[in-house]
1. Count, please, the residues in region 91-139 that happen to be aliphatic (A, V, I, L, M) and closer than 30 Å to PRO41 by Cα.
2. Which residues, counting only those in region 85-105, are loosely packed, with under 14 Cβ neighbours inside 10 Å and part of a helix (DSSP H, G or I)?
3. Test THR194 against the criterion of being loosely packed, with under 14 Cβ neighbours inside 10 Å and either at pLDDT below 95 or not aromatic (Phe, Trp, Tyr) (or both), and give yes or no.
4. Is it the case that some residue within region 193-200 is in contact with a Cys (Cβ under 9 Å, 6 or more places away or on another chain), of a type in the set (A, V, I, L, M, F, W, C) and closer than 17 Å to VAL30 by Cβ?
5. Out of region 112-130, which residues are β-branched (Val, Ile, Thr) and either surrounded by fewer than 24 Cβ atoms within 10 Å (Cβ to Cβ) or touching a strand residue (DSSP E or B) at 6+ places or on another chain (Cβ under 6 Å) (or both)?
6. Kindly provide the set of residues from region 12-28 that are surrounded by fewer than 24 Cβ atoms within 10 Å (Cβ to Cβ) and either of a type in the set (Gly, Ala, Ser) or in a helix (DSSP H, G or I) (or both), ordered by number.
7. Have a look at GLU130, GLU99, GLU201, GLU155 and point out the one that is over 17 Å from the mean Cα position of the chain (by Cα) and more than 19 Å from GLY85 (Cβ to Cβ).
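The values are calculated or read from the model by the stated rules, or taken from the named source; none is laboratory data. Since this is a predicted model, take the numbers as computed values, not measurements. All Cβ positions, glycine included, derive from the backbone under ideal geometry; neighbour counts span all protein chains shown.
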Amino acid sequence: MYRNEPLKKYLNDAASGTPTPGGGSVAALVGALATTMSSMPANFTVGREKFKQYDDQLKRILAECEKSRETLLTLMEDDIRMYSGVGKAYSMPKNTEEEKKIRSDAIQKATITAMEVPLKATMSCLYVLELTRELVDIANPNLISDVGVAGYLAEAAFLCAKLNVDINLTTIKDQSLVEKVRNEINNAERRARTLSKEIEERVQKKIKG
């Protein structure tokens with residue numbers, strides 16, 4: 001879908017009056033961008049004699065960033081597909097009681113499926129923050145501002161994806177599912193904010209010397 005299209009097309013479509021790409025898709029894209037800003041400093045550090053003791057760690061971080069980037073790009077496009085399913089459910093006929101029930105059930109099913117995409121994006125962004133937190137202590141200090149950018153982007157992507165989880169939860173009637181997801185996402189948010197703060201503090205310390 002969009003990953004092989006010009007960036008301008010995605011931006012124009014996201015800015016247009018059409019429902020997709022929307023916030024969930026954009027959140028995943030920002031998360032993918034975060035991985036690039038962790039990968040670049042790692043690539044500038046791995047294989048250098050001065051940082052040779054971290055080579056294995058850096059190679060693992062690079063591999064995991066690449067996996068996370070692919071995951072988030074997939075979620076960027078999945079969000080568009082899943083939201084289309086919600087739109088179709090809402091457009092179903094509701095003239096009779098039976099049609100209303102069928103429509104309501106379809107909306108619930110489509111919303112739960114759609115909610116799962118940004119939920120996966122939040123967890124993927126949290127993992128990117130974990131990787132970036134690890135990287136901040138071992139990356140070539142000449143690239144430390146890029147590590148900071150990765151941290152800011154990953155936190156922003158996490159929070160944006162979480163908003164899309166939150167809005168879907170307001171429509172879901174299965175309260176046990178709602179409570180489970182809310183607990184999961186709130187715990188993840190606490191961890192994300194802690195990691196982001198630690199990354200920012202360490203980046204600033206290295207910049208100031």
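1. Going residue by residue through region 91-139, those that are aliphatic (A, V, I, L, M) are 92, 102, 106-107, 110, 112, 114-115, 117, 119, 121, 123, 126, 128-129, 131, 135-136, 138-139.
Next, only the ones that are closer than 30 Å to PRO41 by Cα stay: 117, 119, 121, 123, 126, 128-129, 131, 135-136, 138-139.
Result for region 91-139: 12.
2. GLY87, LYS88, TYR90, GLU97, GLU98, GLU99, LYS100, LYS101, ASP105
3. Working: loosely packed, with under 14 Cβ neighbours inside 10 Å: yes; either at pLDDT below 95 or not aromatic (Phe, Trp, Tyr) (or both): yes.
Spelling it out, THR194 is indeed loosely packed, with under 14 Cβ neighbours inside 10 Å and either at pLDDT below 95 or not aromatic (Phe, Trp, Tyr) (or both).
4. The first filter runs over region 193-200 and keeps only residues in contact with a Cys (Cβ under 9 Å, 6 or more places away or on another chain), leaving none.
No, there is no match, as no residue in region 193-200 is in contact with a Cys (Cβ under 9 Å, 6 or more places away or on another chain), of a type in the set (A, V, I, L, M, F, W, C) and closer than 17 Å to VAL30 by Cβ.
5. Taking region 112-130 first, the residues β-branched (Val, Ile, Thr) are 112-113, 117, 122, 128.
Across region 112-130, the qualifying residues are ILE112, THR113.
6. Keep residues of region 12-28 that are surrounded by fewer than 24 Cβ atoms within 10 Å (Cβ to Cβ), which gives 12-23, 26.
Those that are surrounded by fewer than 24 Cβ atoms within 10 Å (Cβ to Cβ) and either of a type in the set (Gly, Ala, Ser) or in a helix (DSSP H, G or I) (or both): ASN12, ASP13, ALA14, ALA15, SER16, GLY17, GLY22, GLY23, VAL26.
7. Values: GLU130 fails: over 17 Å from the mean Cα position of the chain (by Cα); GLU99 fails: more than 19 Å from GLY85 (Cβ to Cβ); GLU155 fails: over 17 Å from the mean Cα position of the chain (by Cα).
That would be GLU201, the only listed residue that is over 17 Å from the mean Cα position of the chain (by Cα) and more than 19 Å from GLY85 (Cβ to Cβ).
Every residue, every condition in (1) within 20 Å of ALA28 (Cβ to Cβ); (2) assigned to a helix (DSSP H, G or I), yes or no:
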position	(1), (2)
SER145	no, yes
VAL149	yes, yes
GLU155	yes, yes
PHE158	yes, yes
LYS162	yes, yes
ILE167	yes, yes
THR171	no, no
VAL181	yes, yes
ILE185	yes, yes
